[in-house]
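For reference, the structure is listed below as structure tokens.
The values are calculated or read from the model by the stated rules, or taken from the named source; none is laboratory data. The structure presented is a predicted model; accordingly, all values stated were derived computationally and were not measured. As a convention, Cβ positions derive from the backbone with ideal geometry for all residues, glycine included, and neighbour counts pool all protein chains shown. Only protein heavy atoms, including side chains, enter the accessible area calculation; ligands, DNA and RNA are left aside. Shrake-Rupley method; radii C 1.70, N 1.55, O 1.52, S 1.80 Å.
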Amino acid sequence: MMLGEKNPVRFAIIGCGIIAQSHAKAIAECPDAELVAVSDVLGERAQKFAKEHGVSRFFSDNEALLSLPEVEVVSVCTPSGVHGEVSMAAFRARKHVLCEKPLEIQASVMAEMIEAAETSGVQLGAVYQRRATLGATKVKALLQQGQLGPLVLADASLKYHRSSAYYRSGGWRATWALDGGGALMNQGIHGIDMLQWLVGDIVRVRAQVRTLVHDIAVEDTAVAMVEFANGALGAIMGATSVYPEFSTRFAIHGRDGSLVFGDHGIEHWTVGRQDQTAQMAEALSGSFSLSHRPFIENMVAVARGEADVLVSGQEARKAVDVILAIYESARTGQAVDIAHHHH
């Protein structure tokens, strides 16, 4: 080994479903990371996944995986309602955790996870890929400089199509117990996180949620009216019931400008009352593409003691708290205030 060269940081994945593929791919792309073990309650699924990714160690028992001393970071890719118990086991084993969204589906469990990471002296990071795109960081910087003037209106359009086959494909999907909700908690959460990260904390919601198309126990269609801490108003529209699927779109409006953008890039960009849409659309084209890689690279730095997590548990719980408040408002017909849990 050459002088100054470091050992790769060793990762394990718990839960070998669809999202685990994104983690494995990102770990493979990152020269400083190495995937050394995987586990899944379905042992044969862990075995197949391990073979596919050239990993020699696979388990059907999480504790067996967590007892490996070489594992430094664990990617938690289980069904949402199991994120808490799996993460807590990882903290007991003194492993850093990179947890898939949503952080968890219950407020009390999220609080326990954040507390347990602190007590164990390890870090809890969460995945919200939209935050790490170059385009999003540009928008965030601009908003922090106040270049739109006072913010007045902000909305997120999260209109996705999911087939009936999709809902039949996984037993945990679209259940309150394991998915924690529907179009908002599973799909829309990325956009809700993005909206509140860019515009500021959401402090109150009023909402309606419905199941209009799919034969599922959770919502496939939702509309929420939100109030931000800074006084701006906003709206969230989320669905898996529409046809065809539309691209994720955010619109943020202030007294002196507007930013409208989404997965396909910049639609409108006026800053300080100057329309710069054409040049910014070109400058930022392709900069909203999503990847897990920045999160894996960050966890490498975290494991080496060189960085804090990109998205902390404290940050990651915010979008879930908003969604839980939306569900409560829909149930009660009342506006619901959101208490922010500052550490």
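Report, by residue number, each residue of the range 29-53 that is among the hydrophobic types (A, V, I, L, M, F, W, C) and open to solvent by less than 90 Å² (accessible area, probe 1.4 Å). Result: CYS30, ALA33, LEU35, VAL36, ALA37, VAL38, LEU42, ALA46, PHE49, ALA50.
A single entry from THR211, THR175, THR133 fulfils the requirement of being hydroxyl-bearing (Ser, Thr, Tyr) and under 18 Å from the mean Cα position of the chain (by Cα): THR133.
Residue count for the range 230-262 satisfying the condition of being in contact with a helix residue (DSSP H, G or I) (Cβ under 9 Å, 6 or more places away or on another chain) and open to solvent by 30 Å² or more (accessible area, probe 1.4 Å): 3. Just to verify a result, which residue in the range 144-161, among those that are closer than 17 Å to GLY191 by Cβ and in contact with a strand residue (DSSP E or B) (Cβ under 7 Å, 6 or more places away or on another chain), is surrounded by the fewest Cβ atoms within 10 Å (Cβ to Cβ)? Within the range 144-161, the match that is surrounded by the fewest Cβ atoms within 10 Å (Cβ to Cβ) is LEU153. When SER164 is tested against (1) buried (at least 19 other Cβ atoms within 10 Å of the Cβ); (2) in contact (Cβ under 8 Å) with a residue 40 or more places away in the chain, just one condition goes unmet, and that condition is (1).
With respect to GLY149, is the statement that it is small (Gly, Ala, Ser), at pLDDT 95 or above and closer than 27 Å to VAL302 by Cα true? I'd like the intermediate steps shown before the answer.
On the way: small (Gly, Ala, Ser): yes; at pLDDT 95 or above: yes; closer than 27 Å to VAL302 by Cα: no.
So GLY149 fails the test.
Looking across the range 276-309, the residues that are open to solvent by 30 Å² or more (accessible area, probe 1.4 Å) and among the hydroxyl-bearing types (Ser, Thr, Tyr) come down to SER285, SER289, SER291. When the range 167-192 is limited to residues that are hydrophobic (A, V, I, L, M, F, W, C) and open to solvent by 30 Å² or more (accessible area, probe 1.4 Å), the one that is nearest to SER80 (Cα to Cα) turns out to be LEU178.
Residues being in contact with a Leu (Cβ under 8 Å, 6 or more places away or on another chain), within 23 Å of VAL41 (Cβ to Cβ) and either open to solvent by 30 Å² or more (accessible area, probe 1.4 Å) or not in a loop (DSSP other than H, G, I, E, B) (or both) are represented in the range 125-134 by at least one member.
Only one entry in ALA283, ALA303 is of a type in the set (A, V, I, L, M) and more than 26 Å from CYS30 (Cβ to Cβ), namely ALA283.
Of all the numbered requirements in (1) buried (at least 21 other Cβ atoms within 10 Å of the Cβ); (2) assigned to a helix (DSSP H, G or I), GLU118 misses one, and that requirement is (1). Given the condition hydroxyl-bearing (Ser, Thr, Tyr) and without any contact (Cβ under 8 Å) to a residue 40 or more places away in the chain, answer yes or no: does some residue in the range 68-86 qualify? Looking for residues that are hydroxyl-bearing (Ser, Thr, Tyr) and without any contact (Cβ under 8 Å) to a residue 40 or more places away in the chain, one finds none in the range 68-86, hence no.
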